[in-house]
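Shown next, in structure tokens, is the structure this report addresses.
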Amino acid sequence: MARFDDDFIDRMKNENDIVALIESYGTRLKERPGGKGEFIGLCPVHDDKNPSLVANRKKNVWNCLGACGCGGDPIQWVMHAENVSFRHAVELLRDGSTGGRPNGRGAKPRKLDAPLPLSGDDHETLAGVVDYYHSRLKQSPDALAYLQKRFITDHEAVERFKIGFVDRTLGLRLPPKQNNKAGNEIRTRLKELGVTRETGHEHFRGCITFPLLDDTGRIKQIYGRRIDNKSKAKHFYLSQPMGGVLNLEAFTASDELILCESVIDALTFWCAGFRNVTTIYGTNGLTDELLQALQVHDIKRLLIAYDADKAGDDAAAKHAEKFCSLGIECFRTRVSDGAKDINGCAFLNGGGHAEPIRDTLGLLIRNAAWIGPGVKPSQASSAGAAKEKKPEQPTSKPASSKASSLAAEIPGVEVAKPAAADDQRAAEPPVEKQPPVASPQPPAPKEIEAEVKENGIVIEIGNRTYRVRGLEKNLAFDVLKLNVMVRRDEAFYVDTFDLYAAKARAVFIREAAKELGFDPEVIKRDLGKVLLKLESLQDKHIEDTLAVKDETIELTDKDKATALDMLRQPNLVETILTDFDACGVVGEEINKLVGYLAATSRKLPQPLAVLIQSSSAAGKSSLMEAVLAFMPPEDTIKYSAMTGQSLFYMGGTNLKHRILAIAEEEGVEQAAYALKLLQSEGELNIASTGKDPGTGRMETQEYHVEGPVMIFLTTTSDDTDPELKNRCVTLGVCEHACHTEAIHRQQRTRRTLDGRSLQHERKAIRARHQNAQRLLRPLEVVNNFAEQLTFRSDKTKSRRAHDHYLTLIEAVTLLHQYQRVEGTMVNAAGESVRFVETTLDDIELANRLADRFLERSFAELPERTQVLLEQLLAGLRTRCKEQETELWEQRFTRRDVRRWSTFGDTQLKEHLSRLVDYEYLKIEAGGGKGRSLEYSLSYDPDSDQTTSITSGLIDVNRLRSPDNSPEKAGEVGEKTEEVAPPENDSARQNTSLPPSSRENDENGQAEAA
């Protein structure tokens, strides 16, 4: 019989404050002056007139100094107050059912809540008894230790088979028999069912219990196994006919079964992974119900695993004859020496460890010998035909429509020949060279289906529907915070919690079960299935979201030829501009080319970064979208905004040689630091604290993001982080009125019939450029003219700008790789590296582009302020021409500037204030009462050269002399492939920026496509 262990008793004594406990029964206590934690009051045990009860809070004990002389700890107080036994008092303390009523002599014992239905049929009563015993098992260390010793360690087995333990507490929770109709009825019913005896004691006291069910799920019988040695009787059943079959699920899952002699042996097989197992109830316990189940479910083969003693052998032979008469093949296991039964064999050979036990039992199955009468039926025909032809080798039984055998998959187990059962069978000619196919494990439960809908993930389990929202937001592996709703018919329960948090999960299970009227174990099992399904969906979601987009796009021969034709065109640059115009991008030739080349530079070791800066609605996003549309989608990652830490968790190579486009620079304000590091160093590393999924402890975790990456940003702000801006090539969108008119013409044309018909053509153009980009190889670029190039050096910002200039040259060369000379060189590591050489045409084109964007990089004024100054000067020059005056004589107000420029009043205040601070303007009159603020120029734009920007780039014509040929500049490797056409003036001119385009861009004009 199980008992309360010493640790539990001590905990009950220490956790219950004696003063609070006594007062909970209505006894008033008063602290003694100077009593050092002692309280006094009237003792309720005897008729006390003067306070004689003393309670010591520090020692947590009580004592009566009066007539009764009682005393003790909190347990003994409850025994006296409730008039109950020691065990009953401990039960009351554990369940928090003490106090709340008068105490003292003659008190009736308090009863705990009844665990059984006080009214109902026999089935409901037995079900309640089984549930109560099942709940008591978890509170009984001795019972759990016994199961552990018998290798029933699988929690799923305990739950599925409703294993319980009888600790003699059922009677404490039932209503009293005296003067209580309900108590009398329930006790009488339990006696009739055999749960209790005539003495009132529980029949299975001190036993592990196993309910046995019929095919409808009703309890037909209960088997009990005594766990102590105080009685000779070890096995107990209810005092009613034997009935019920253990593990009926196995009958439907397989046509092969393992048949044991006892429930304990059967569950040893089950916990080892051999789930197709059932049992008789002792050697004389083969029931008609079991025989009927074997026939109804068409069982083809039985492996009899009875005890290795005379009773077991005799029963196996007797039962095998009966089974064979029903057409069921029978085999007999032989346990190893020194073991009496299956459980003992598992102990001796498995050592208590799961894998050895599984291997041991698997070997028993493989060594099973035929035990039926005569020759095995499946080989009778071949034996009879032995005289006419050579006997065929026996073959394995064809796979059944039910589950296949699992024992054959046990690693490291050799197939042994079957041993003879006795001398007579040993003398017979062998009829089976191979052991029978091992008994299978029933197939795993069918995976639940999840339907992804707009309102969440919907999972159906039985008559319960689970809806889950928020999975797409969970990209970490240690958090799964979701909104979960479970519904049955009209009843539902919904909560938002972390499915990985045990406490939050337990609250959901308890409340959902209460709301829907289910057993909490049902919701618990459901939630486990839902969790596993969500984890698989989460893995797929994270893989789809963060997977490296390095899939190879297979181009057709036609697409490849078309793309190569474009890349080999001598006028490739002009073709790119023409295609931009055809796709509806008006003007902005330099911006389009720089953006295109910068995006191409993603294949270089140090790509360019681009920042497009303009006012709202000027077309910066359209320009970025147009450039990205020409790039392969698998190489583009676009976000609207990024948080400060998001870049660090994007995975090892998710950004390598790709374009990271962010719609607005404000959207990366928090991530600016990470972007700067990524652009400068080409990689990111961060050490962060996280929870180890195995131990749950906090630990330092490292995250690495590998570059390089091409960064593409747009912004309307003039206060961009200067550190980030210095790392970017800054482009500005033309905001002149003529350019706006050209855009309007394009927008109107797009709505016409001709404009609509161009949609398919634009799609084809973009596809051609995407395929051309896919064909570009990440070759090394060698610039033999690099040492002869020049660049301004009067400002420190020129250090980064100079690197941008050299990278732009490399991007031009990389884009023209199919028109340039390729070679091979050996690097310092001894590796062969392919390279392509830069030509003077590449440098010439880069110079013409760099002159424009370097002007913005070195400008004293921000781009938007410079635009306002240009518009202001244009307006002043027009007024001077009309009034025949000089610029220095003009006075103007903010209203005048609004009329001349494209800026609103709020922007004007900011930019005019900056021009005053930089001393380009001065205030002539203050804005007093009734007077407007007036400005004038503080410099002469016609003679003052402070605003002129020179990049200091060398004139390429100086490099075209014979002394500056590539051969004279120095060879770096062996020429291996001549892919470029002969250079000539025509080719040189066509690879340069068209003069008309340069002129239009510099003058701020544009033509419609």
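Since every read-out is calculated from the coordinates, none of them should be taken as a lab result. Bear in mind the structure is a predicted one, so any value in this text is a computation, not a measurement. Here Cβ is always computed from backbone atoms with ideal geometry, including for glycine, and neighbour counts include all displayed protein chains.
Between D519 and A504, what length in nm is gained on full extension when 0.36 nm per residue of separation is reduced by their alpha carbon distance? Present the calculation step by step, with values, prior to reporting the outcome.
Values: separation 15, 0.36 × 15 = 5.40 nm, distance 1.79 nm.
Computed gain between D519 and A504 is 3.6 nm.
R0 = 45 Å: FRET efficiency of E699 with E860, Cβ-based, nearest 0.05?
With R0 = 45 Å, the Cβ-Cβ based efficiency is 0.30.
Would you mind working out the magnitude of the charge dipole of the stretch 860-937 relative to its Cα centre, with +1 at each Lys and Arg C-beta and -1 at each Asp and Glu C-beta, to the nearest 20 Debye?
Values: 14 positive and 14 negative charges, 84 e Å.
So the dipole magnitude of the stretch 860-937 works out to roughly 400 debye.
Report the extension gain between T199 and K453 in nm, rounded to one decimal, defined as 0.36 nm multiplied by the number of residues separating them, less their alpha carbon distance.
Values: separation 254, 0.36 × 254 = 91.44 nm, distance 6.19 nm.
Fully extending the segment from T199 to K453 adds 85.3 nm.
Have a look at T838, Q788, C880 and report the one farthest towards the positive end of the charge dipole of the stretch 757-898, computed about the Cα centre with Cβ charges (Lys/Arg +1, Asp/Glu -1).
Farthest along the dipole direction, towards plus: C880.
Give the total of Lys-Lys pairs in the stretch 6-95 with Cα-Cα distances below 14 Å; include a pair only if its members are 8 or more places apart or on different chains. Don't skip to the answer; put the middle values down first.
On the way: K13/K58; K13/K59; K36/K58; K36/K59.
Step by step, the pairs that qualify in the stretch 6-95 add up to 4.
Which ordering of Y466, Y500, Y673 is given by a fewest-first count of other beta-carbon atoms within 10 Å?
Y673, Y500, Y466
Determine the alpha carbon to alpha carbon distance for each of K138/K322; K220/K524; K181/K230; K162/K340 and list only those over 30 Å.
K138/K322; K181/K230
Would you mind classifying the stretch 450-546 by shape? Square roots of the alpha carbon gyration tensor eigenvalues, ordered a ≥ b ≥ c; an a/c under 1.5 is rounded, otherwise it is prolate if a/b is larger than b/c and oblate if not.
On the way: a/c = 2.12, a/b = 1.56, b/c = 1.36.
Judged from the Cα gyration tensor, the stretch 450-546 comes out prolate (a/c at least 1.5, a/b above b/c).
Towards the positive end of the charge dipole of the stretch 860-937, with charges on Cβ (+1 Lys, Arg; -1 Asp, Glu), say which of Y918, L868, L908 has the farthest Cα.
Of Y918, L868, L908, it is L908.
Just in the stretch 189-284: which GluC sites (Glu not before Pro) are loop by DSSP and have at most 12 other Cβ atoms within 10 Å?
In loop regions of the stretch 189-284 (DSSP not H, G, I, E or B), the sparsely surrounded GluC sites (Glu not before Pro) are E198.
Subtracting the Cα-Cα distance from 0.36 nm times the residue separation, let me have the gained length for K529 to E625 in nm, one decimal. Each step should come with its number before you reach the end.
On the way: separation 96, 0.36 × 96 = 34.56 nm, distance 4.43 nm.
Here the segment from K529 to E625 would lengthen by 30.1 nm.
Considering only DSSP states other than H, G, I, E and B, which trypsin sites (Lys or Arg not before Pro) in the stretch 769-799 qualify as loop sites with at most 16 other Cβ atoms within 10 Å?
Qualifying residues, ordered by number: R792, K795, K797.
Using DSSP to define loop residues, name the GluC sites (Glu not before Pro) in the stretch 484-536 whose beta-carbon has at most 11 other beta-carbon atoms within 10 Å. Working shown, then result.
On the way: sites: E490, E511, E515, E521, E535; in loops: E490.
Filter output for the stretch 484-536: E490.
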